[in-house]
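Peer 1: First the structure, then my questions, so here it is.
What follows draws every value from the coordinates through simple rules; no lab data is involved. Here the structure is a predicted model, which means the values were calculated and not measured. Counting neighbours? That spans all protein chains shown, and the Cβs are built from the backbone with ideal geometry, glycine included.
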Amino acid sequence: MVAAYTRTQIRLHWIVFALIALQYLLHEPIARAWDMLQSGVTPGFSPLIAAHVLGGLLVLLFVPWRIALRRLHGVAPPPAGEPPLLQRLAKATHAALYLLMVLMPLSGAAAWFGGIAPAAEAHEAMRLILLALIALHAAGAVYHRFVLKSDVMARMLPPRG
Ligand code: HEM
Ligand code: HEM
């Protein structure tokens, strides 16, 4: 175990955060294009649709890189005094976030490139699960910052100096 995340781990964390935020903000054009495809109409090219597809595939591409960094460099240990239940919850949330960072792009790609309707349904359902996990995860960070007053938030922020 190490005391801190590397600069690359921190950058990747926030780049992926921005990419996922964009996926939610830019969901409408691809959802509309999918509905058109379902009714037999081929949608024209749209940069917003391309951004959803490419942004989502980038999230997928970054997963093995992030996991390799975790293996090579390690992750910061749970902060001293964190209740064991919260430690387990944080670990499980991180694992579930990784799982969804794989399943969301795969189901999206299966729908978009393979025309598989159940994959689109799974994609749509999982968007809510991912959103709930992000909310729980962010709430955990805020709880650490303001209630437990630990260094957990600081270690995912760029090092100063
Ligand atoms: C982390 C990655 C991704 C996230 C968070 C995400 C999120 C979303 C969201 C929020 C919607 C709107 C659902 C709705 O309003 O009905 C959506 C729709 C869609 N996305 Fe993604 N997406 C991701 C990756 C991808 C990728 C890589 C592709 C294609 C290669 C893709 C293809 C689609 C398609 C075809 C739809 C319309 C069908 C549906 O509504 O499920 N997505 N996505
Ligand atoms: C798309 C949204 C997000 C995803 C998918 C995500 C994912 C992750 C993952 C997988 C980790 C474990 C470390 C790693 O493997 O890199 C982590 C750590 C962390 N994240 Fe996020 N995160 C997101 C958003 C946020 C937000 C909005 C905040 C702050 C409000 C935040 C704060 C943190 C902190 C402080 C850590 C370090 C936790 C620790 O060391 O135990 N994350 N995040």
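Peer 1: Scan region 26-43 and report the pairs whose first residue is within 15 Å of Gly56 (Cβ to Cβ) and touching a residue at least 40 places away in the same chain (Cβ under 8 Å) and whose second residue is of a type in the set (Val, Ile, Thr) and not in a loop (DSSP other than H, G, I, E, B), with Cβ atoms within less than 9 Å and a gap of 6+ or a chain change.
Peer 2: So the pair list comes out as Ile30/Ile49; Ile30/Val53.
Peer 1: Among the candidates Leu69, Leu54, Leu60, single out the residue that is buried (at least 16 other Cβ atoms within 10 Å of the Cβ) and farther than 16 Å from Leu100 by Cα.
Peer 2: Going through Leu69, Leu54, Leu60 in turn, just one is buried (at least 16 other Cβ atoms within 10 Å of the Cβ) and farther than 16 Å from Leu100 by Cα: Leu69.
Peer 1: Taking Gly108 as the residue in question, decide whether it is within 30 Å of Pro43 (Cα to Cα) and surrounded by 15 or more Cβ atoms within 10 Å (Cβ to Cβ). Please lay out each step first, then the result.
Peer 2: Working: within 30 Å of Pro43 (Cα to Cα): yes; surrounded by 15 or more Cβ atoms within 10 Å (Cβ to Cβ): yes.
So Gly108 fits the description; yes.
For every residue, the table says whether it meets (1) within 8 Å of ligand 1 (Cβ to nearest atom); (2) outside any helix (DSSP H, G or I); (3) basic (Lys, Arg).
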| position | (1), (2), (3) |
| --- | --- |
| Pro78 | no, yes, no |
| His94 | no, no, no |
| Leu103 | no, no, no |
| Ala109 | yes, no, no |
| Ala125 | no, no, no |
| Leu128 | no, no, no |
| Ile134 | no, no, no |
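Peer 1: Identify all residues within region 89-107 that are closer than 15 Å to Val75 by Cα and over 13 Å from the mean Cα position of the chain (by Cα); write none if there are none. Steps first, answer last, please.
Peer 2: Narrowing region 89-107 to residues closer than 15 Å to Val75 by Cα: 90-95, 98.
Residues satisfying the conditions are Ala90, Lys91, Ala92.
Peer 1: So, one more: With respect to Met126, determine if the residue is at negative phi, of a type in the set (A, V, I, L, M, F, W, C) and in contact with a Lys or Arg (Cβ under 6 Å, 6 or more places away or on another chain).
Peer 2: On the way: at negative phi: yes; of a type in the set (A, V, I, L, M, F, W, C): yes; in contact with a Lys or Arg (Cβ under 6 Å, 6 or more places away or on another chain): no.
No: the conditions fail for Met126.
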